[in-house]
Structures are given as structure tokens and as C-alpha cells.
Amino acid sequence: MGVEGIGASVVRKEDRRFITGKGRYVDDIKLVGMTHAHFIRSPHAHAKIKSIDTSEAMKMPGVVGVLTGQQLVDDKIGNLICGWAITSKDGTGMKMGAWPAMAPETVRFVGQAVAVVIAETKNQARDAAEAVVVNYEELPAVPDIRAAIAPGAPQLHPEAPGNVIYDWTIGDEGATDAAFKAAANVVSLDITNNRLVPNAMEPRAAIAEYNEPEEHFTLYTTSQNPHVARLVLSAFYNIAQEHKLRVVAPDVGGGFGSKIFIYPEEMVALWASKKVGRPVKWTGDRTEAFLTDAHGRDHLTKAEMAFDKDNKITGLRVKTYANLGGYMSLFSSSVPTYLYATLLSGQYNIPNIFAEVISVYTNTVPVDAYRGAGRPEASFVVERLMETAARQLKVDPAELRKKNFITQFPHQTPVIMAYDIGDFHASLDAAMKAIDYAGFPARKAKAKSEGKLRGIGISCYIEACGIAPSKAVGSLGAGVGLWESAEVRVNPVGTIEILTGSHSHGQGHETTFCQLIADRLGVPISQVSIVHGDTDKVQFGMGTYGSRSAAVGLTAILKAMEKVEAKAKKIAAHQLEASENDIVIENGEFKVAGTDKSLALPMVALAAYTAHNLPDGMEPGLKEGAFYDPTNFTFPAGAYICEMEVDAGTGKSTFVNFVAADDFGRLINPMIVEGQVHGGLAQGIGQALLENAAYDASGQLLTASFMDYAMPRADDLPSFKLSHTTTLCPGNPLGVKGCGEAGAIGASAAVINAITDAIGNNKLEMPATPDRVWHAIHG
Amino acid sequence: MSTVKLTVNGKAVSAEVEDRTLLVHLLRDHLNLTGTHVGCDTSQCGACVVHIDGRAVKSCTVLAGQAAGSNVTTIEGIAKGDELHPMQAAFRDNHGLQCGYCTPGMIMSAIDIVHRHSGQLDEETVRHELEGNICRCTGYHNIVKAVLDAAGRMKVAQAAE
């Protein structure tokens, strides 16, 4: 592998700028003549806007302009879109209500923008915002799923009767019902998958600049996918044409899904920069992040699993209500359907599955993809059911899982997915060994003698990553293809630039992508640069989410590299008067196999650009591009086991041990992979123990700051014990599967299984706070 | 408006600011020291931690005027030229950062933690002491490793001086 090649834990190239305070995030950028935007947001969850009076605000010091939703309408700026069409079981399309970037008539969640003040300074904009008078007529609000589907509930959008966006099904209902009728045992669970706030540490921000003579916009924004942002902004919102809009996503401080989407603030900043003729900057504060970043999860589910007399699973039936908030965010419709129900087979042979998903509007922040996006919810359903079944059937939970594991690949599940490869026994065995599963009964007994409740919980997750084969997702309703593109430029002096449509906001691409080049050419990674996050530099890209950057983005780079290498070999062969087939690449040299003749990469590159002596008919230069469209999803999988001790007196749960055994296929940089797992586990554990976005009955978000929303802190978490088992992904030449979401997908079920095991009561909802655990123990 | 004079990273500086200006905004907006970040509005996240007269302080809880006459050190001021501070090096070597946004505050807090405990740290103490700094990327696992590693490095560096 070499010290910097694939498989080496290379220290990150990008770190130096971050540890010295020289990172460049959107809010760090200042433009000449820049103004500042502050949004006026609805204090009501549901209301009609009777009037907006901006006259006093306009007179305030430093104010450049005050703009309202009605002006957006007047300028024919388009409404926000949802890019994935879902068809209901009755054949009708999804019932999407209009979402204007600033509301002209009706607000449907607390925090929805109704107007914006543009001023010379941020403080002046804030001061003037206080002087904007908005007259609302309050309407009854629907704060959660139960309220939304109640008979006679207030209606949010005229397009969606009963607040239902779609009622979608997957699988064979008749066959599944028959399996339940014939079952020896049935296990059932009601599950609330709690609503979460992504909370990347960098709040969203945008700077827009309009160049009037060129009719050209530049947008600096906190995006995971700047090209998708440009496409959506130009194709749907009537703000700028694609060739007249440059989108730059510089250093971005975390995303976790929340920075995939195109939000009202970016649209308004662009539009306003033209209106006021000055650059406009908006930087959200944390409260705005809570009130406007797309939230995650928020499902109510009833799930049942049928078993035969030998404890083999014969059927799974799931009915889920998903809360999509007040409006349909960019990919919201796909999360509780194709990213959720298609993973309900878990790691198990389940011959019959039927799932129904009903998505509803509520007067809350829009809900969309958050780390794992649908797959954590699916994994939680399946792994809580397996644990519950083991207890009900009085068998060991590890044995019940092993009895039902899929062992033959490829495996077609009844819910679309075709698992290509895996070894679920290997990962569970590795995790059981790491935590000394066999020794648990003795540890539990010892803890009991000390007055403590000890529990152990398993979670065997699988996810579909490497998102996604374009043709497949197109047939399922996606509005975009999910390939990736790359370009490899070898400069005349032999240094290399990799242009990629993937975007790094913490994942370490500037290191891992260089490792591929080091591996292929044997050059040091210091000679390679990664260029990303700028639509003017990189031709196109679909961005980073769904654990896709290695499986799809890096494979695109590999495809471009193969073209570069093929041309470089032709040039070297010509220069060395050898056969192209005899050229091998080693340590940055093009060598004629079996001889001492060689040409260093810089000499080959120079020859390509001087073009003095190239093979007849060859174009000068050494630069190639590639688009790569995956043939299948990838299927990272693994086993997490958590051992917890619960204090019956206080209800407080304490980690004894948390082990993870993951199969991500080939690891490019194990150090970075483990960092991704740590972070994912923290978010999964955060969901299980701490985090919850809570609304009151009137639709006010009660947890709208870090004072109220329990983010995991260092002393809430244990150190993790990680290991890897490996089956190489057959779907891509690198054999990689993706690692970014696994922790968040698998961890929460392991924690809840452990606590419910400890306390001997299976009825426990997330987050399992000491209060809830105490009540579960004492009633 | 007031004129605030203080020392930042060893240099005497002066800025004309509104009285309500927070130290973090003086640093970022007036002195262009954008390494100090703002991650919340309730003094919870710690992305803005700097040292005032050698003590770690959240610069979003201090008015610029309150820092007048003091000696402020930011993330930009802890390396000696090309030579990283041992805490910076330990964060890099232990993969103690991902997106980098919380990192400056983490590093400034962590240096203070090591100083206050005279380098005598264990995992539990580090985790407890980091409660004023939120990271969403790393799960803290490698941050804790980095701080423990740096405590050792700082002791060696101190002994060498």
C-alpha cells in the first residue's frame, strides 16, 4: 500500500489550516461593499399575514432595503421544490403545497421567513428588523403527527386533504398477511423515532454578489453539493441561469445532511443582491439553525414480526407515519420511503415484507435527510423487534439473529434491495468477542450484587450507501441522476490536480482522494491537490451525502486516472521506444518492464505539453475526465454491542462498554474511517439518550438552543472499541462501501436494547433520559 | 462608539467599536482573526474560546470593552512560526478534528485544561473539563486522545525550556 497509499492511516493534509485558525468558512469572507441581511420570522406556528409595515424600518440607520414575500411573488421567483416524486398506493401523486422563500400570505411553522432587512451592518439589520410590524391572524396549529391525522384537524395546505402528502406501500400485502396468519409467534412494537436537529457546528451562511454588466451572480454558501444548488437555483427559482451563476462552497463546518438542501435564505440573498445592487451576506445564528435547518427522523411506527416454530422469521409488517413538517424539503419525500422501507429486511432472511408509509404535514420545521436518512429509522425498527422477539421467545438475542442471517449473496430482499455481499456472522462474532459476550451473565450478577442493573444490547445494522444508480433512482421518482464526475489534470511539471464533484465538510477528501493517486502512481500526496466546492472550477458534481464519496466520487476519480495512465503510458512508450504494453508505473516512474529504462512522471507530463515528440495523431496535454454511475447501492453492515449499567435510584444510564464491528469493504484511510464511526456513534447515542426536538401544543419549538436541546458532550460518551471485518464490495473497482453514516444507523438500537435489558421493561422511548428510565423501572 | 486598546497575539491593537460589540466580533470583524468561531448564541458551544491573560474565556460572553488593556491570545497566536503548539500537533496526529469548526475553541480550551491540571490528566477528567465545548463530528473520542497526548508533549516541551 505504501506509506501514503490506499490502506494507510495518513495524517490529514487539510488539518494544518484548521488547527491554525486559517480555515475559510463562508462567514469568514468579506466582499467590498457587502451588506448584511436579517430575516424577520414568524413567531406563530400557523397564521395568516394580514399586513407587513416596513416604513419605520426603512428609516432606520444603515438600512439599504426591506423586502417581503410579496415582492418575491411580484418578481416571479419560484417556490421551493421537492425533487423526488412519490406515488401513493391509489396511484395519485404526492400532494405538495407551495413553499415560497418568504411567506406572502400564510406561515406554517415558527421561524418561517416573512421579510428581510438589508443594512450596512449586521447590528443595524437586527435593529431595523425590530421596527418591521407584521400583523398576523393566528390559526389553529398542528404540532405533531397525531394532531395532523386527527379527524377535523386544521388543514395546512389546500392541496393535501387531511394533511396527508402520500400514502405509499411497498412489498406484498397478501403474502405478508398470510405469513402472519400461519405464524407460530408474532412480536409487535410501537415505536416513536424521535425528532432530531442536525446541528452542524457551523451555522448556515450565504453571501451573494451580483455583477450587473455581466448579469452574473456568485453565491458563497454552506453546501454539501454546490452544483446541485446551482442546478436547482437556476432551473426552478428563476433567479439566474446556470451559466450566470457560480456557487462556491468553501470550508464547510459539518453538514450531516442539513446542508444538502437549498434553503430560502440562499435564494433571498441572491435575489436581494440584485435588488439592492450590493453584495448581501446572511449568517444564521444557532436559534435560526434550530428554527430553519431541516430536522431529522420523527416517525410513529407500528411493527410486527412473524416467526415459525423454529424461530425463523416469516414476515414483517410495518406501518409508519412520517412527519415532513410544514413544507416538503428537497429530498424529504424519499427519506421515509425509498431510504427507509427498502432497508426493513435488515441482515435477515425475511420472505415476506409489507410496509405502508403515510407522510403528513405539521406546523413544524421541514424534515429531511439527517445522517443515515431513513436507514437509522429502519434499523431501529428491525433491531428493536429482534431484541423484543428474543425476550418473548426466550432465546439468546445473538442466537436468534444468527439463525436468521442472510448467508448467501447476492440476496434479493422483498423490498427492492439486492444485497451484493456481506458476512454478518463475522461482524457479530467480532463484536461478541470484543465485548466478551460470554462473560456477560457473570458481570450482570456481580453488578446486581452491588445494587446496579446491568444490560447488554445488540444491533446488527445494514444500510444502502454509494447513492446511487441513476437509472434505478430515476425509476423510483428521483429528479436527478446520482453519478459523480471527476477530472484528473497532470500539470506540465508533473504535479496533479484532482477536480471532484464530491464535497468535503469534515470527511477528509483532501487526504483520502490523494491516497488513491499515491497508490496508482507512487508519487507523494504533497504533489497532489484536490479541487472541489466551486462550480467555476469543477464541471459538475452531485455532492457528498449518503456515504457516497468513496464508492461513487473516488471511483469517478479512478476512472479518470485510468484514462490518464493509458495516455501517459503511450507517451512513455513512444519516448522510450518501447511497447506500450511493457510500460509499468512504479514510484512515479514509467518503466520498461525487465529493463533499466524509465521516464519520470514530470518528463512524461512535460512531453505531453511541449508536444514536440508525441505519437502520431495524439492530442497534446495530459488531462482526462470521467463520469461514474454506480451499478448498485453498496451495503455496509456491522454489529454494535452496548453494555450499560443503570442506577435504579436515579434512572441514570452509564456506559460500561461500546463495541463496533463494521464491514465497510476496503478502507482507504483507517484513521479517517474510525473517526467517521466515532462521530456517527455519537449521533446515534445522542438520539438514544439525549436529543429530542420538542414542540408544545401551539407549535412552539421548546428546544431551540443548546441550553434546551441536549447535544452530546464529551462526558456523555464513552471511548469506543472499533474493529473491522471485510468483504470487498463487488460493485466498484475499489471494493469500498462507505462509512459515514453507519454509527448513526446502528447505535441507537444497541443502547435502547441494553437499557431495556437492564431494567427488565421493554417499554422505553428515545431519548431514554434518567426521568424516563426511572419511570420505566418504578412505574 | 469607543476606542478599545488591547494586546492580541503579542501585538498592541486598537479598534473603534460600538459599545455593544462582543470580543469575538472585535477579533473576527475588526481584526480579521477569523479563526475564532461563533457556533451558538447562548455561550454553550465553546467555538469562540480564546485566552485572556492566560485563561480560557468564551469570547462571545465578553464585551470588547471589558477586554481593554488585557492580553488576548487566539488560535492564530499559539504556534511559534512554523512550529505548531503541541496541542495543535496532537489534534492533527490523533485525528482530533473533522470539519474544523469547533477545533480552535477546543484547542484553546484544552491548553487551559492542561495548564490548570499541571498536565496531570486522565480520560475522565478531560471529558468532564471539555463539557463547555461541543463537537458534532468526532464523538470526542479522538479529541480526548489528543488532549491526553498533548499533556505529555507539553510537559516534555516545558522540561526542555
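The values are calculated or read from the model by the stated rules, or taken from the named source; none is laboratory data. Keep in mind that what you see is a predicted model, and the values were worked out from it rather than measured. Cβ atoms come from the backbone with ideal geometry, glycine included; neighbour counts cover every protein chain shown.
A few notes on this one:
- The number of residues in region A:445-460 that are farther than 12 Å from A:ASN657 by Cβ and in contact (Cβ under 8 Å) with a residue 12 or more places away in the chain comes to 7.
- Evaluation of A:HIS299 against (1) closer than 22 Å to A:TYR640 by Cβ; (2) more than 22 Å from the chain's Cα centre (by Cα) (one fails), failing number: (2)
- Region A:17-67 - residue that is within 12 Å of another protein chain (Cβ to nearest Cβ) and in contact with a Pro (Cβ under 6 Å, 6 or more places away or on another chain) and, of those, surrounded by the most Cβ atoms within 10 Å (Cβ to Cβ): A:GLY21
Conditions (1) more than 29 Å from A:GLN515 (Cβ to Cβ); (2) more than 8 Å from every other protein chain (Cβ to nearest Cβ); (3) modelled with pLDDT under 95; (4) touching a helix residue (DSSP H, G or I) at 6+ places or on another chain (Cβ under 9 Å), marked per residue:
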| site | (1), (2), (3), (4) |
| --- | --- |
| A:LEU667 | no, yes, no, yes |
| A:GLU691 | yes, yes, no, yes |
| A:MET707 | yes, no, no, no |
| A:LEU722 | no, yes, no, yes |
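- Single unsatisfied condition, B:CYS45 versus (1) closer than 29 Å to A:ALA704 by Cβ; (2) in contact with a helix residue (DSSP H, G or I) (Cβ under 6 Å, 6 or more places away or on another chain): (2)
- Within region A:407-426, being surrounded by fewer than 19 Cβ atoms within 10 Å (Cβ to Cβ) and assigned to a strand (DSSP E or B) holds for A:HIS411, A:GLN412, A:ALA418.
- A search for C-beta distances below 8 Å between a residue of region A:554-577 that is outside the structural domain of A:GLN507 (by TED's automatic domain parsing) and any residue that is assigned to a helix (DSSP H, G or I), counting only pairs 6+ apart in sequence or on different chains, returns nothing.
- Filtered residue count, region A:505-550, keeping only those that are farther than 19 Å from A:VAL228 by Cα and more than 14 Å from chain B (Cβ to nearest Cβ): 18
- The set of residues in region A:357-379 that are assigned to a loop (DSSP other than H, G, I, E, B), aliphatic (A, V, I, L, M) and over 27 Å from A:LYS48 (Cα atoms) comprises A:ALA369, A:ALA373.
- Considering (1) over 17 Å from A:ASP28 (Cβ atoms); (2) in contact with a helix residue (DSSP H, G or I) (Cβ under 7 Å, 6 or more places away or on another chain); (3) polar (S, T, N, Q), the lone condition that A:GLN224 does not fulfil carries the number (2).
- The condition of being in contact with a Lys or Arg (Cβ under 6 Å, 6 or more places away or on another chain) and touching a residue at least 24 places away in the same chain (Cβ under 8 Å) holds for only one of A:THR650, A:THR634, that being A:THR634.
- Residue count for region A:461-499 satisfying the condition of being among the β-branched types (Val, Ile, Thr), surrounded by fewer than 18 Cβ atoms within 10 Å (Cβ to Cβ) and free of Cβ contacts under 8 Å to residues at least 60 places away in the same chain: 1.
- Looking only at residues of region B:56-86 that are in a strand (DSSP E or B) and not β-branched (Val, Ile, Thr), we find that the one that is farthest from the other protein chains (Cβ to nearest Cβ) is B:ASN71.
- Taken together, A:ALA626, A:ALA661 contain a single residue that is closer than 26 Å to B:PHE91 by Cα, away from every other protein chain (no Cβ under 14 Å) and in a strand (DSSP E or B), which is A:ALA661.
- In region A:253-280, residue nearest to the other protein chains (Cβ to nearest Cβ) [restricted to those that are aromatic (Phe, Trp, Tyr) and under 30 Å from A:GLY62 (Cβ atoms)]: A:TYR263
- For region A:119-135, the criterion of being assigned to a loop (DSSP other than H, G, I, E, B) and crowded, with 21+ Cβ neighbours inside 10 Å is satisfied by at least one residue.
- Once region B:21-49 is narrowed to residues that are among the β-branched types (Val, Ile, Thr) and facing another protein chain (nearest Cβ under 10 Å), the residue that is nearest to B:ILE111 (Cα to Cα) is B:THR36.
Quick grid of which residues meet (1) aliphatic (A, V, I, L, M); (2) surrounded by 24 or more Cβ atoms within 10 Å (Cβ to Cβ):
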position: A:ASN311; (1), (2): no, no
position: A:THR314; (1), (2): no, no
position: A:LEU344; (1), (2): yes, yes
position: A:GLN347; (1), (2): no, yes
position: A:ILE350; (1), (2): yes, yes
position: A:PHE354; (1), (2): no, yes
position: A:TYR361; (1), (2): no, yes
position: A:VAL365; (1), (2): yes, yes
position: A:ASP368; (1), (2): no, yes
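- Subset of region B:112-152 (residues that are within 14 Å of another protein chain (Cβ to nearest Cβ) and basic (Lys, Arg)): B:ARG127, B:ARG136, B:LYS145
- Residues that are touching a residue at least 12 places away in the same chain (Cβ under 8 Å), in a helix (DSSP H, G or I), over 30 Å from A:MET711 (Cβ atoms) and more than 14 Å from chain B (Cβ to nearest Cβ) do occur in region A:149-161.
- For the condition away from chain B (no Cβ under 14 Å), crowded, with 18+ Cβ neighbours inside 10 Å and of a type in the set (A, V, I, L, M), A:ALA178 does not qualify.
- Answer residue from region A:690-717, given it is closer than 16 Å to B:LEU130 by Cβ and small (Gly, Ala, Ser) and is surrounded by the most Cβ atoms within 10 Å (Cβ to Cβ) among those: A:ALA714
- Of all residues in region A:281-290, exactly one satisfies the criterion of being under 19 Å from the mean Cα position of the chain (by Cα) and more than 9 Å from every other protein chain (Cβ to nearest Cβ), namely A:PHE290.
- Pairing each residue of region B:87-108 that is at the interface with another protein chain (Cβ under 7 Å from one of its Cβ atoms) and at positive phi with any residue that is small (Gly, Ala, Ser) and surrounded by 24 or more Cβ atoms within 10 Å (Cβ to Cβ), provided the two are 6+ apart or on different chains, yields C-beta distances under 7 Å for B:HIS95/A:GLY675; B:GLY100/A:GLY23; B:GLY100/A:GLY253.
- Failed criterion for A:TYR695 (all others in (1) within 10 Å of another protein chain (Cβ to nearest Cβ); (2) over 26 Å from A:ASP429 (Cβ atoms); (3) among the aromatic types (Phe, Trp, Tyr) hold): (1)
- Residue under evaluation A:PRO730, criteria (1) away from every other protein chain (no Cβ under 14 Å); (2) surrounded by 17 or more Cβ atoms within 10 Å (Cβ to Cβ); (3) touching an Asp or Glu at 6+ places or on another chain (Cβ under 7 Å), criterion not met: (2)
- The number of residues in region A:240-267 being touching a helix residue (DSSP H, G or I) at 6+ places or on another chain (Cβ under 6 Å) and buried (at least 24 other Cβ atoms within 10 Å of the Cβ) comes to 3.
- Scanning region A:664-703 for residues that are hydrophobic (A, V, I, L, M, F, W, C), under 25 Å from A:ILE755 (Cβ atoms) and not in a loop (DSSP other than H, G, I, E, B) yields A:VAL677, A:LEU681, A:ALA682, A:ILE685, A:ALA688, A:LEU689.
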